[in-house]
Amino acid sequence: MNKNSWIIYASTLCLCGLLLLAACNKKEETPAAPAASQPAPAATPIDPSTIATVNGTVKFDGTAPKPAKIDMSQDPACKGTNESENIVVANGDLANVFVYVKDGLGNRTFDVPATPVALDQQGCKYHPHVLGVMAGQNVEIKNDDQTTHNIHPTPKDNREWNESQPPSAAPIDKSFAREEIMLPVKCNQHPWMKMYINVVKSPFYAVTDKSGKYEIKGLPPGDYTIAFVHEKLGEQDQKVTLAAKDTKTVDQSFKASE
Amino acid sequence: MPDKPTPEQDPITSKSYAAYYLIAMVILMATLFWALWDEAWGQRPWKAFQEKWKERYSAFLNTARSKSVTSEKDVEQDPEYAKLKAQYEKAYQDSKPQAEEARRKLDDASARLLAVQSVFTDRRAYVNALTYELETSTSASAKAKKQKEIDKYKNEQATVEFPDGSKKKFTFPQLEETYSEIRDERTKLSLELGDVLKPVTAAKNKMDDYITDHMVDLTPQQIDGLKKTAADWDPKIVQINVAEAAIVDRCESCHLNVREPLKITAVSMEAKGEKKPDEYANAFTSHPEPELLRIHDPDKFGCSPCHQGNGRATTSVEKAHGNYEHWLWPLYPKENTQAGCQNCHAADMVLVSGDVQFQTINTGKDLFRQRGCNGCHRYEGYDRESEEITSIMQQIKQMDQEKRANVKQAVYLMKQADEAETNEEANHLNDQAVALRVANSKLDLRTVQLERTTKSLLQDVKKIGPNLKDIRLKLNKNWIPVWLKKPTDFRATTKMPNFRLSDHQIRAITAYLWQSALTDPLPKQPAGNAAHGKELFETRGCLACHSIGEGDQMTGGTFAANLTRAGEKANYDYLVRWVHNPRERTRPYCIYEKKDIGPEDYAKHGKPYIFDLDHSRCPNDGHELQVQNMTVMPSLRLSPEDARDVASFLITLKKKEPSDYPDAPFMDDPKLKAEGAHWIRQYGCSGCHEIAGMEDEGRIGTELTFEGSKPIERLDFALSTEIAQRGGKNAEPIKDAEDLARLPDGPATKPWYNHKGFFEHKLAEPNVYDRGMVKSEAEALRMPNLHLTKQQVLALTTFLMGSEETSLPTNYQYRPQDYRRDIQEGWWIVKKYNCMGCHQFIPGQQTALMGQQRYIDNPEFLPPKLLTEGARVDPEWMLSFLSNPALSVTDTNRNGVRSYLQVRMPTFSFSENELGKLVRFFQALSRQPFPYIPDMRPTLSTKETEMARSLFSSTAAPCLKCHATGDAAHDKTATAPNFLLAKTRLKPDWVERWLIDPQAISPGTAMPSGLFKKDGGQWVFAGPTPPSFQGYEKDHTKLLVDYIFQLTPEEQRKVAAAMPHAKAASAQPKTNHRQASAESGHPTSGGTR
């Protein structure tokens, strides 16, 4: 065997050995650096010099059904008269319509107000009948009657609860975490007592008053879908484009359902 | 090298073999290295998995750690936590001077001890050595010498240098004494320090506990522990070895995170920058149902008993998963995983863990019964009643023969005795004759017992299809052949499968059915009010089982028939009888004589023609009769008028007129009858229907109890074998579009030559394996097309795949003997009668009624949830309620408890057997002791009664506003049961819990929570309490419970009268349960009880 073959042989051996070593000495990879934890998203700032307003009136087409009288004699503590608030119309203006910006805000987030929204029980009736609240914001529920009520929301997407509130008991503070429109609330002891809470993610909502009017302020410019929701008459949407500092009027009318 | 001329022909120089050697050497070396590599890695793919795991798991833990730190910080910001922290700091500051002093003393003592110790141990060692020498010395002189030496050593003075620099000399005994003194001192000091620090430690523990209690994830310490385990990991086979069950599972060698307490998804195990989880990421997930692992400890159950696969294999993923031809039990595919449950849980009808239902396998088990599979296929545990009845009938027949033989033999023996030669012999023979008579009376008693069992069984045994003996009374004759042609054309959701019958088969079958059916007269019924019937139909709860409307318009349950076209097929008079009481039978059937008993049989024996559950003996031979229709449909206790109204409504439901069906005169052709009988037997119709003359036909299909463990060669793929093995473009033999849509994974493209493929194809299109075969009508596959949906095929396939003969020891089978057995047996009944169509048994479980608009609007009008029923009601009461839900014998057209509900708890006519099982089921489900022994309730003093009364009727707790009182005017608005029922119906402990938080017992109930609050250790009323409660120290809840349990009708009337506008209760509810159980149901019509 000549010198060359020895060299070749030896080098082959070394090469194989090296390969083997390389295969065995797989380097320990350094563990990935801990990912930075995400802070809770802060409210998207809105430039106060550009904000726009939407307002309008909601009308009821056709003759409004006469509100049904409610017999409250079952409980003498329920003083006064009461009538059904299903459809409240005065001079063709429809009250208790929940109006909110359904679409167009993109990924904006908003601060949840620290002050609660009030819900009163007075005269065995809810005040207001339709309520808007931001997700996570507290609803402060008071009982001004000399009778016991129970507050029983029956939500679709939030958690259900049912709590008793005796006369002059401390207010009950509750909040809802998820968006839900026309979430029914009732009192099992006074079957006529019914109201609706609307839980939304933005502060851009309003409820029409007795004259059917609403106003949503502080909107950044943009293209929006405004939804009008009524407990019995359903939902209607309208699109609106707001430029900076615009004030636009968006009216809506509901037809009597058959 | 020597300098020599080389010869010319020197082979060494002329021809070199170096190249060959080199090649050989390279090959050899390559082989060597390959062998080494293969040994280390090739045969051990799990090593690569473990490397990857180390890498990715550590990376994952790092991110988990940082998240966990933030959440810990969140918890630390709680005011509660701040309070604990302040307490801790105060305790720390308070104890500081004392603790420091104690610690200083302790340190000093320790130092002194150390100083003494080093000298002392030295010298003690020397003394010990000398003592040993003394002990081993042989001579007395040597011993004495050694003793002297020891004494001398002990008296020597040793110097100890103390930490403060002072030096002292000690003899050995002094040294020993000093040493123990200082040691005792130190122990005392450290105890003292512990005492001083006790409040500090306690405060610190409270703080730590708060964090652990309020953190959802693991604490940083726990995560650090996991990280260390991962970092220190050495490649090794991880193995579960259970000798008693012969389980050796090495699955965890790759699936390293299976038992991880953190939830680990494939996405979180991805390598950085990769888009899709690779095989490693998928292997490193944690078990998706950690609760299951908790119940089935992997160290006992391993992995393969549930998942299948080859647990021992470690050389490749395919082999470990058993996906190769030499392994009989390949891993269940993901969608069929629940098949594994069936291996041990075949005796369970419902598998649920917490509130998680195992939907796939549960649906499979349910479908097997609901679609009548067990009408043709035996399956261990299903349809036990009919098997038991058959076996009892055989026993009774045998005993009858034995009795006759005994009588004969006795007569013979007595005759022999009379003629015997000696008195002795005569006496002996007479004794034998007497013994035979006694034996006969024993047999009689045994028969009585068996008859009793039979009675229960006859009540329990049901058929999935209707009784075809009644078709002449019940059906539009011309509709029958049209129906048989393809039942789904008439009613898309029917349970009746499509038998692919030819026209002449239909003619023959209908001819037999028609000509063999009963022709008894049916009373004519006047027409009812269809509008009222519609209202009743929609409100009484019919829609919990039945549906109405087709396609998207369908509402109601899927348990029973869709009634949209009922008017085309049904006869009104029969329908009235059916709606009034579906169990009412035209003629009783004697299973002993095997015939329908008519009035002539009763007349023969001079008996009136009355048969029902209380008159269930055969007039001919005294054996138990089948007196009910074998349907699960209960009686809704409608009045005859209401029944007519409902039937009048149902008869209006039609798409075309009954008269539009073409005439079917062949049904009266007697020549067709024999052929019809042949085809009925051929297709096993009597598996699901009662058919005259076919009552004892056996099942025609193969037993399926262990179908999943049949070797694949025994599953006949017929001409599809090759395409099933090969896969590819033409792998799918099913051509029919409807049938193709039933395949869970769509048309096959991959090879499907396995159990899953076989079952799925067979269920989607049963006769798929007849494709291309030349078969006569009699040879063609008999199994009908069950027109299943994808999900149903998936569920049944899963069920069949799990139907295996397990190799596990019997104690692995879930066959409990305690309360869990009651639960197991109860579910079969609950499912049998569709109790879950109305009631919620498992939190979150949807009932058929819940989805209907009427109940979405008014959920308080739903039937009650039964989540804690066993803890709520007295079992004895429950027994009486279940046998008669009206709680009355006379006033039956109502609900006994919730009279305010329109939906009706029907009368199911449960047998003694099923009643007992159901009551035990509910008690077991709530873990209640059985039997139930009620506590003695304390009698309230006059003062307490007054207090309770004032609370009971205060405006702040207006109990009677919602609870019924029995006064019709008041009860119109009632939404809760009458308190007078409480005493016999409820368990007091449960009532107290209910008063405190009803929402936790029945979520969504009209009864509000928050009526009581905890004040110190006492439950007090949350509203303003009447002044008499001043200074009352017992729980207000207990007081109210005791009051409710001693409430009398007079008391309730008094309270109600005092309450404004809640009028006096005029009547007490119709029952008290002892009365009810004593009187429970002796109706005259067949079937109710």
Open item on the list: Need the list of lysines near B:K15 for cross-linking: C-alpha distance under 24 angstrom, and skip anything on the same chain fewer than eight residues off.
Closed with: A:K3, B:K4
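When the dipole is taken about the Cα centre of the protein assembly as shown, and only Lys, Arg (+1) and Asp, Glu (-1) are charged at their Cβ, what size is it in debye, to the nearest 20?
Numbers: 171 positive and 179 negative charges, 126 e Å.
Around 600 debye, computed over the protein assembly as shown.
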Open item on the list: Which entries of A:K142/A:K239; B:K790/B:K832; A:K194/B:K983 have Cα-Cα distances beyond 26 Å here?
Closed with: A:K142/A:K239; A:K194/B:K983
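Residue separation times 0.36 nm, minus the C-alpha to C-alpha distance between B:A231 and B:A492: what's the value? Mind dumping the intermediate values first?
Numbers: separation 261, 0.36 × 261 = 93.96 nm, distance 6.09 nm.
Result for the pair: 87.9 nm of gain on full extension.
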- [ ] Enumerate the lysines that B:K154 could reach by cross-link, defined here as Cα to Cα under 23 Å, with residues fewer than 8 away along the same chain left out.
- [x] B:K143, B:K145, B:K146, B:K167, B:K168, B:K169
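So, with +1 on the Cβ of K and R and -1 on the Cβ of D and E, and no other charges, what is the size of the charge dipole of segment B:848-953 about its Cα centre, to the nearest 20 debye? Intermediate results must be reported in sequence, preceding the final value.
Values: 12 positive and 11 negative charges, 35 e Å.
It comes to approximately 160 debye.
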Open item on the list: Charges at C-beta only: +1 for Lys and Arg, -1 for Asp and Glu. How large is the resulting dipole of segment B:384-460 about its Cα centre, in Debye rounded to 20?
Closed with: 340 debye
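Report for the protein assembly as shown the percent antiparallel among DSSP-assigned beta bridges with both residues inside it, nearest 5.
Percentage antiparallel, nearest 5: 75.
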Task: Length gained when the stretch B:Q398-B:V411 is fully extended (0.36 nm per residue, less Cα-Cα span) - done: 2.7 nm
Task: Shape category assigned to segment A:76-208 from the gyration tensor of Cα positions, a/c cut at 1.5 - done: oblate
- [ ] Under 19 Å from a label point 7 Å along Cα→Cβ of B:E89: give me every residue in segment B:192-222 with its amide N that close.
- [x] B:199-211
- [ ] Could you point to the residue in A:I87, A:A118, A:V54 farthest towards the positive end of segment A:52-181's charge dipole, with +1 and -1 charges on the Cβ of Lys/Arg and Asp/Glu respectively?
- [x] A:V54
- [ ] Round to the nearest 10 and give me the degree value, 0 to 90, for the angle of helix B:912-925's Cα axis relative to the longest principal axis of chain B.
- [x] 30 degrees
- [ ] State the Cα centre-to-centre distance between segment B:259-337 and segment B:131-204 in whole Å.
- [x] 62 Å
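Of the listed pairs B:K469/B:K524; B:K47/B:K319; A:K66/B:K534; A:K79/B:K961, which have alpha-carbon separations greater than 23 Å here?
Details: B:K469/B:K524 19 Å; B:K47/B:K319 16 Å; A:K66/B:K534 29 Å; A:K79/B:K961 17 Å.
Beyond 23 Å between Cα atoms: A:K66/B:K534.
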Open item on the list: Show me the ranking of peptides B:602-610, A:85-93, B:325-333 by mean Cβ neighbours inside 10 Å, starting with the highest.
Closed with: A:85-93, B:325-333, B:602-610
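Given the pairs B:K463/B:K735; B:K474/B:K917; B:K365/B:K775; A:K232/B:K972; B:K263/B:K300; B:K275/B:K365, which are separated by over 28 angstrom at their Cα positions? Could you put the intermediate results ahead of the total?
Details: B:K463/B:K735 34 Å; B:K474/B:K917 34 Å; B:K365/B:K775 33 Å; A:K232/B:K972 26 Å; B:K263/B:K300 22 Å; B:K275/B:K365 40 Å.
Correct reply: B:K463/B:K735; B:K474/B:K917; B:K365/B:K775; B:K275/B:K365.
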Task: Nearest-0.05 FRET efficiency for A:D144 and A:T249, computed from C-beta distance (R0 45 Å) - done: 0.80
Open item on the list: Rounded to two decimal places and with Rh computed the Kirkwood way over Cα pairs, what is Rg over Rh for the protein assembly as shown?
Closed with: 1.06
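Stick to Cα atoms and the Kirkwood definition of Rh, then tell me Rg/Rh for segment B:39-162.
Values: Rg = 31.8 Å, Rh = 22.7 Å.
Result for segment B:39-162 is an Rg/Rh of 1.40.
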- [ ] Can you grab the distance from the C-alpha centre of segment B:438-459 to the C-alpha centre of segment B:990-1056, Å, no decimals?
- [x] 52 Å
TODO: Would you give the gap between the C-alpha center of segment B:552-575 and the C-alpha center of segment B:390-410, rounded to a whole Å?
DONE: 47 Å
TODO: Answer rounded, prolate or oblate for segment B:384-460, using the Cα gyration tensor with square roots of eigenvalues a ≥ b ≥ c: rounded when a/c is under 1.5, else prolate when a/b is larger than b/c, else oblate.
DONE: prolate
Open item on the list: Using a 10 Å cut-off around each Cβ of peptide A:159-170, what is the average number of partner chain Cβ atoms that fall inside?
Closed with: 6
Task: Most positive-pole-ward Cα, B:P988, B:L130, B:P163, against dipole of the protein assembly as shown from beta carbon charges - done: B:P988
Open item on the list: Which lysines, if any, have their Cα less than 19 Å from the Cα of B:K442, not counting same-chain residues under 8 positions apart?
Closed with: B:K397, B:K403, B:K408
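I want the local charge near B:N241. Using Cβ-Cβ distances under 13 Å, sum +1 for each Lys or Arg and -1 for each Asp or Glu among the other residues. Please report the intermediate quantities before stating the final value.
Values: positive: B:R250, B:K300, B:R312; negative: B:E244, B:D249, B:E252, B:D299.
Computed value for this residue: -1.
All of the numbers you see were taken from the coordinates with simple rules; none came from a lab. Being a predicted model, the structure only gives us computed values, none of them experimental. Glycine also receives a Cβ, built like all others from the backbone with ideal geometry; neighbour counts cover every protein chain displayed.
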